[in-house]
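Engineer: First the structure, which I've put down as structure tokens, then a few questions once you've had a look.
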Amino acid sequence: MKKILLLFLFLFCIIGFAGIARGESTDDYVPYTTLSFGIGKNAFTDSWDYQRNSSFMVGCRKQYFKSFAFEAFYQYAQNNNFPDFFDDPDKLHTFILDGGFWDFNSTWDEVYNHSLGLKTHFVLSGSGRWYVSAYLAGGAYTSWSSYHTHTEAVYWDDQMVEYTREHIKKRNNGLFYMPGLQVNYQIYGKYYLGLDLGLFRFIDLESLDLYTSYDYPVLPEYYNASLTFGIKF
């Protein structure tokens, strides 16, 4: 319930700051639009290991006011540390019998996260070639993830002869928020390069005290850093 209230507070803040921004003098300011694309790396906080972790984003920012802007965006992020032989039953069986059971060497996970939302930018510097802003984003996400681990084993003469494992798969949908920082540098004409840093957090509408792998095989939460390329219109 508290997080729902925070979401409403966030929306009211957007409306409030928009009202303040409308009071700015626009005599010497011309609104503009930017279109940007970014690729990056992420770190899911609940993942066992970071492999094949990448992200892609596209955003359209409307700079209505000198100190305030909105950006509609889509972001995709993934992490997959499953071994290449996982889909081969014979190789997987051999790996576990040969010692993959121990030290959680057969614990793997994967997650694929899609999000669509709106960033509210508070411009810290927008003069010259530099553009620096702190932002707060919110929106909806859909995430598919899976988690594999072993649960027990049976031994005979110090040799594993039988084991039990589980592979949990689930899709989760919901709302998210993401604070972040964006830095752009104009390289030539209307083109710019930039850096986008963000922390993606999902909003728990069920208020669970403890999450299990059956609720979320991998929690949809991650740090993200993207290099961006954009054009100003």
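The values are calculated or read from the model by the stated rules, or taken from the named source; none is laboratory data. Everything numeric in this text was worked out from a predicted model, so none of it was measured. Note that we place each Cβ from the backbone using ideal geometry, even for glycine, and neighbour counts take in every protein chain shown.
Engineer: Do you know which residues across the stretch 137-154 are surrounded by fewer than 17 Cβ atoms within 10 Å (Cβ to Cβ) and modelled with pLDDT of 90 or more?
Structural biologist: If the condition is that a residue be surrounded by fewer than 17 Cβ atoms within 10 Å (Cβ to Cβ) and modelled with pLDDT of 90 or more, then Ala140, Thr142 are the ones that fit.
Engineer: Could you check Ser213 against (1) in a loop (DSSP other than H, G, I, E, B); (2) surrounded by fewer than 17 Cβ atoms within 10 Å (Cβ to Cβ); (3) of a type outside the set (Asp, Glu) and say which number it fails?
Structural biologist: (2)
Engineer: Can you find even one residue in the stretch 208-225 that is under 30 Å from Phe70 (Cβ atoms), of a type in the set (S, T, N, Q) and in contact (Cβ under 8 Å) with a residue 60 or more places away in the chain?
Structural biologist: Yes: one or more hits.
Engineer: Are any residues in the stretch 55-77 in a strand (DSSP E or B) and either touching a helix residue (DSSP H, G or I) at 6+ places or on another chain (Cβ under 8 Å) or surrounded by fewer than 20 Cβ atoms within 10 Å (Cβ to Cβ) (or both), and if so, which ones?
Structural biologist: Matches in the stretch 55-77: Phe56, Val58, Cys60, Lys62, Tyr64, Phe65, Phe68, Phe70, Ala72, Tyr74, Tyr76.
Engineer: Among the numbered criteria (1) in contact with a Leu (Cβ under 8 Å, 6 or more places away or on another chain); (2) modelled with pLDDT of 95 or more, which single criterion is violated by Gly117?
Structural biologist: (1)
Engineer: What's the number of the only condition in (1) over 15 Å from the mean Cα position of the chain (by Cα); (2) at pLDDT 95 or above that Tyr214 fails to meet?
Structural biologist: For Tyr214, the failing item is (2).
Engineer: May I ask you to list pairs of residues, at least six apart or on different chains, whose Cβ atoms are under 8 Å apart, with the first in the stretch 20-37 being assigned to a loop (DSSP other than H, G, I, E, B) and the second being at pLDDT below 90 and basic (Lys, Arg)?
Structural biologist: Sorted first by the residue in the stretch 20-37, then by its partner, the pairs are Glu24/Lys66; Tyr29/Lys66.
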